[in-house]
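Written below as structure tokens is the structure these notes are about.
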Amino acid sequence: MNNLKQIALKYKTPSYVFDIKSLSDRISNIKEIFKDIRLCYAIKANPFLTKYIANQVDKLEVCSPGELKICISQEIEASKILYSGVVKETDDIAEAIKYGVTTLTAESKNQLKLINNTAKDLNKTIFIMLRINTQSQFGMSQDEMIDILNHKDSYKNVTIVGLHYFIGTQRKKQNQQEDDIKNIEKILKKIKQECNFDFTELEYGPGLAMPIFIDDDFCDTLLPAKKLKECIDKSKLKIKITIELGRFLVQECGQYLTQVNEIKSVGDVNYCFIDGGINHVNYIGSAMGMKTPVIEHVKCTNSTTPPPRITKNKQYCICGSLCTTNDILARRINLEDVSIGDILIFKNIGAYSVTEGIYMFLSRTMPQILIKNNEKITIARNFTETFNLNC
């Protein structure tokens, strides 16, 4: 019997299943590619995997007070945490420093001053990564960075050590990372010329892409990492590099189990309704099912006869349980002899869906979260009601 079918029947649906062996194998393969380059996991990609990844990477990037509390609750080693995030408040910074975090990012001069003053109040000195703007709302301009470095001695309780360079996510073109490396080289050269300063560390988020949809190329999902390593090796970068990854680490290890609750036909269109929906499933780059993810159909009933009024074609529009026309997960997908009670398994859902779903909408029950570690299943979060949060 299909192992995921057994899990679905025993633990019920809708549920996410995150496979730790699959995750560990992928991290090992990525580490083998990058070798002397450090790895950082951005826990926003999937906070439920934090404690399983912590001992396999060099750093964990935390981007909010809540994510910091997750690390504290999991007793993550403070020295491993890079406390990032767009807007930090005094209390957030103080909590991180008190826990033992020694490295923070600064998005602006104002944020740097806030970190410096908070560290001063706590009689601590903090290492700082200055985040450069890469044509988004994040980070500071080169001019602001140069001004900070030329007056770095005025910040008595911070030591500026690194450049933080994050550009985006799910970037599929290899030349994008090549352009990043060239731009980083230019920035470092300019900083040296105008400030006589050398960063000792680089935190780089390349946004390596993962295949998700049925038309994507799944031949070698590690290829973007291999290409990036070649690019770095060819560069003139002489600096300690940490590659920050989220989706690229965890996308493959997750699967979403959902049950077919209704089947019907309207006109020439067959509809298959599941007990989940877009409140649980959110693939980047797809809206209203315009792109089709990889979905496995598992028979759970003896019937091979579809309900009456189903058209002869085997294509179905998969819809969720929400009262909105947006709740479409796949426009057209072939399902052979699908019946009410069958299980659909949405693949490659290890990143973001678990936290990006619109869980509060219609006060639906939040899905269960299961951790599969070899044959052991742990319930990381049980089915959780949301109606009490909406009243």
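The values are calculated or read from the model by the stated rules, or taken from the named source; none is laboratory data. It should be emphasised that the depicted structure is a prediction, and the values quoted were computed from it without experimental measurement. Glycine gets a Cβ as well: all are built from the backbone with ideal geometry, and neighbour counts include every protein chain shown.
Within the range 364-391, no residue that is closer than 16 Å to residue 353 by Cα and not assigned by TED's automatic domain parsing to the domain that holds residue 276 sits with its Cβ atom under 7 Å from a residue that is not β-branched (Val, Ile, Thr) and not in a loop (DSSP other than H, G, I, E, B) at 6+ positions apart or across chains.
Restricting attention to the range 75-91, and to residues there that are out of contact with any strand residue (DSSP E or B) (no Cβ under 8 Å at 6 or more places or on another chain) and either surrounded by 14 or more Cβ atoms within 10 Å (Cβ to Cβ) or not assigned by TED's automatic domain parsing to the domain that holds residue 164 (or both), which single residue is modelled with the highest pLDDT?
Applying the first criterion (out of contact with any strand residue (DSSP E or B) (no Cβ under 8 Å at 6 or more places or on another chain)) to the range 75-91 yields 75, 77-79, 86-87, 89-91.
Narrowing the set further to residues that are either surrounded by 14 or more Cβ atoms within 10 Å (Cβ to Cβ) or not assigned by TED's automatic domain parsing to the domain that holds residue 164 (or both) leaves 78, 86.
Details: 78: 97, 86: 92.
The extreme case among them is 78.
The residues listed here are 231, 219; of these, the one that is under 29 Å from the mean Cα position of the chain (by Cα) and part of a loop (DSSP other than H, G, I, E, B) is 219. All conditions in (1) within 22 Å of the chain's Cα centre (by Cα); (2) buried (at least 20 other Cβ atoms within 10 Å of the Cβ); (3) not in a strand (DSSP E or B) hold for residue 338, with the sole exception of (1).
Determine if the range 343-351 includes at least one residue that is at positive phi and surrounded by 16 or more Cβ atoms within 10 Å (Cβ to Cβ). The answer is yes, given that some residue of the range 343-351 is at positive phi and surrounded by 16 or more Cβ atoms within 10 Å (Cβ to Cβ). Does at least one position in the range 362-374 carry a residue that is assigned to a helix (DSSP H, G or I), touching a Leu at 6+ places or on another chain (Cβ under 7 Å) and more than 25 Å from residue 251 (Cα to Cα)? Yes, because at least one residue in the range 362-374 is assigned to a helix (DSSP H, G or I), touching a Leu at 6+ places or on another chain (Cβ under 7 Å) and more than 25 Å from residue 251 (Cα to Cα).
Conditions tested, residue by residue: (1) under 28 Å from residue 235 (Cβ atoms); (2) in contact (Cβ under 8 Å) with a residue 24 or more places away in the chain; (3) in contact with an Asp or Glu (Cβ under 7 Å, 6 or more places away or on another chain); (4) of a type outside the set (D, E, K, R).
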site: 12; (1), (2), (3), (4): no, yes, no, no
site: 25; (1), (2), (3), (4): no, no, no, no
site: 42; (1), (2), (3), (4): yes, yes, yes, yes
site: 57; (1), (2), (3), (4): yes, yes, no, yes
site: 100; (1), (2), (3), (4): no, no, no, yes
site: 106; (1), (2), (3), (4): yes, yes, no, yes
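The condition of being buried (at least 20 other Cβ atoms within 10 Å of the Cβ), out of contact with any helix residue (DSSP H, G or I) (no Cβ under 8 Å at 6 or more places or on another chain) and either among the small types (Gly, Ala, Ser) or not assigned by TED's automatic domain parsing to the domain that holds residue 345 (or both) holds for only one of 246, 205, that being 205. In the set (1) among the β-branched types (Val, Ile, Thr); (2) modelled with pLDDT under 95; (3) over 30 Å from residue 223 (Cα atoms), residue 102 fails one condition alone, (2).
Within the range 99-136, restricting attention to residues that are small (Gly, Ala, Ser) and outside any loop (DSSP other than H, G, I, E, B), which residue is nearest to residue 72 (Cα to Cα)? Only one residue fits best here, namely 119.
Taken over the range 183-228, the criterion of being charged (D, E, K, R) and closer than 23 Å to residue 59 by Cβ is satisfied by 185, 198, 201, 203, 226, 227.
Do we find a residue being closer than 18 Å to residue 358 by Cβ, among the β-branched types (Val, Ile, Thr) and either buried (at least 17 other Cβ atoms within 10 Å of the Cβ) or at pLDDT below 90 (or both) anywhere in the range 249-261? Break it down stepwise before answering.
Narrowing the range 249-261 to residues closer than 18 Å to residue 358 by Cβ: 256, 258.
Narrowing further to those that are among the β-branched types (Val, Ile, Thr): 258.
Among the residues that remain, those that are also either buried (at least 17 other Cβ atoms within 10 Å of the Cβ) or at pLDDT below 90 (or both) are: 258.
Yes, the conditions are met somewhere in the range 249-261.
Residues of the range 251-280 that are without any contact (Cβ under 8 Å) to a residue 24 or more places away in the chain and either not assigned by TED's automatic domain parsing to the domain that holds residue 334 or not in a strand (DSSP E or B) (or both): 267 alone.
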